[in-house]
Amino acid sequence: MNTLKRLSPVPLLRRFVETIRLEIRLRRGTPVFVFQMGKVGSVSVYESLLEQYPGAVLHGHNFTPVDPDHRIRRLYRWVVQDGKPIYIISLTREPVSRNISAFFQNFRRTTGVPYENSNYTLDELREIFLSNYPHDIPLEWFDKNILKNFGIDVYATSFPANGVAKYSQYNAKLLVMRSEISDEEKEGAIRDFLQFPDFRLSNRNISDNKQYASLYKAFTKTTKLPDDYITKMCTSKYFVHFYGVGEAGKVKARWG
């Protein structure tokens with residue numbers, strides 16, 4: 001049965017169609033890569049562009065020549081090997097809230113138990129979160145992904161107070177937005193960045209549809225985290241650059 005499934009023509013046909021569509025769109029306009037760490041609210045941006053932008057639009061958290069997604073591998077060749085232009089859109093998010101959201105998104109990976117089979121208390125989940133989750137992901141993401149792949153150092157210049165910045169290096173143009181700014185501000189920033197005046201951002205709030213939604217809400221409403229954890233997050237290069245020391249008090253008030 002497994003052999004027959006591997007040889008099934010349906011996945012091959014689907015991939016062939018996806019490949020043809022991607023090649024057509026790559027030549028229709030500069031591709032847009034919505035490229036960021038997980039849980040920063042990028043789905044609305046990606047799906048809105050996918051519906052409206054005439055060129056290729058891809059979404060990912062990694063960018064390598066051996067990515068499991070053949071479309072990302074093709075985009076990698078397009079940008080890195082062929083040196084063709086690309087638009088990159090990336091979002092940031094306050095790191096404590098982002099890490100908690102990602103912890104629940106990856107519940108089984110972090111806890112070792114499928115959500116539907118778990119019976120952890122909120123206190124137990126807090127301890128698992130603190131001990132098992134890789135908290136440095138947001139703190140390191142831009143250096144490991146944007147700087148490494150595109151040569152753009154977002155930390156080299158001050159981040160604007162309005163939460164939007166544009167960068168350019170060789171064949172890559174990058175737009176970085178704080179996820180906390182309004183949808184109207186994101187919409188305007190994307191229009192300006194892509195020179196695409198008809199763009200409209202359709203907000204898609206999918207968090208309430210998650211299986212773990214009620215537990216996540218209870219966790220975020222009641223959980224308090226250690227001072228040393230909050231301090232580490234709020235004194236990191238990432239937080240100071242994108243949010244500033246003035247925002248640390250708000251994070252401490254919410255989570256500390």
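Given the pairs K186/K221; K186/K210; K186/K237; K210/K250; K39/K166; K173/K252, which span a C-alpha to C-alpha distance of over 31 angstrom in this model?
Beyond 31 Å between Cα atoms: K173/K252.
Pull up the DSSP beta bridges for the chain and report the antiparallel fraction as a percent, rounded to 5. Walk me through the numbers before you get to the answer.
On the way: 6 of 20 bridges.
For the chain, the DSSP antiparallel bridge percentage is about 30.
Taking K and R as +1 and D and E as -1, what net charge do the other residues with C-beta under 12 Å from the C-beta of L49 add up to? Each step should come with its number before you reach the end.
Details: positive: R25, K186, R191, R200; negative: E47, E51, E187, D198.
Taking every other residue near L49 into account, the sum is 0.
Nearest 20 debye, what's the magnitude of the dipole of the chain about its Cα centre given +1 on Lys and Arg Cβ and -1 on Asp and Glu Cβ?
Around 740 debye, computed over the chain.
How much length would be gained if the chain were fully extended between R77 and L50, taking 0.36 nm per residue of separation minus their Cα-Cα distance, in nm to one decimal?
7.6 nm
Using only Cα atoms, what Kirkwood radius does the range 170-256 have, in angstroms?
Evaluated on the range 170-256, it is 16.1 Å.
Once you keep just the Cα pairs under 8 angstrom separated by 6 or more residues, what percentage relative contact order results for the chain?
Reported as a whole number, the value is 20 percent.
Put a dot 7 Å past each Cα toward the Cβ at E18 and K210; how far apart are the dots in nm?
Each label point is offset 7 Å from its Cα along the Cβ direction, giving 2.4 nm.
Among (1) 19.8, 59; (2) 21.3, 64; (3) 23.4, 68, only one was calculated for this model; which label is it, if the read-out is Rg and Dmax of the Cα atoms in Å?
It is the one labelled (1).
Using 0.36 nm per residue of separation minus the Cα-Cα distance, give me the extension gain between E124 and H70 in nm, one decimal.
Numbers: separation 54, 0.36 × 54 = 19.44 nm, distance 3.93 nm.
Fully extending the segment from E124 to H70 adds 15.5 nm.
Just add up the charged neighbours of R200: K/R +1, D/E -1, any other residue whose Cβ is under 12 Å from the Cβ of R200.
Local net charge: -4.
I'd like the antiparallel share, as a percent to the nearest 5, of DSSP beta bridges with both residues in the range 85-193.
45
Take the alpha carbon atoms of the range 124-146, find their center, do the same for the range 70-90, and report the distance between the two centers in whole angstrom.
27
What FRET efficiency do you get for T223 and S168 if R0 is 41 Å and r is their Cβ-Cβ distance, rounded to the nearest 0.05?
The value I calculate is 0.50.
State the answer as a single residue: which of Y238, P65, W141 lies farthest towards the positive end of the charge dipole of the chain, with beta carbon charges of +1 for Lys and Arg and -1 for Asp and Glu, about the Cα centre.
So the residue furthest toward the plus end is P65.
Please give the per residue accessible area of the chain, computed with a probe of 1.4 Å over protein heavy atoms only, in Å².
53
Give the average over all directions of the projected area of the C-alpha convex hull of the range 17-120, one decimal, in nm².
8.4
Over the chain, with a Gaussian network built from C-alpha contacts below 10 Å, which listed residue (V66, V57, V79) shows the highest mean-square fluctuation?
V66
Students often get this wrong: which residues of the range 49-84 have the backbone nitrogen under 18 Å from the point 7 angstrom along Cα-to-C-beta of H241?
Zone members listed by number: 62-63.
Please give the charge dipole size of the range 157-256, origin at the Cα centre, charges +1 on K and R Cβ atoms and -1 on D and E Cβ atoms. Round to the nearest 20 debye.
Computed charge dipole of the range 157-256: roughly 320 debye.
The values are calculated or read from the model by the stated rules, or taken from the named source; none is laboratory data. Keep in mind the model is a prediction, meaning the values are calculated, not measured. Positions of Cβ are generated from backbone atoms using ideal geometry, with glycine treated the same way; all protein chains shown enter the neighbour counts. Quick note on the areas: whole protein, heavy atoms, side chains included, nothing else; ligands and nucleic acids left out. Shrake-Rupley method; radii C 1.70, N 1.55, O 1.52, S 1.80 Å.
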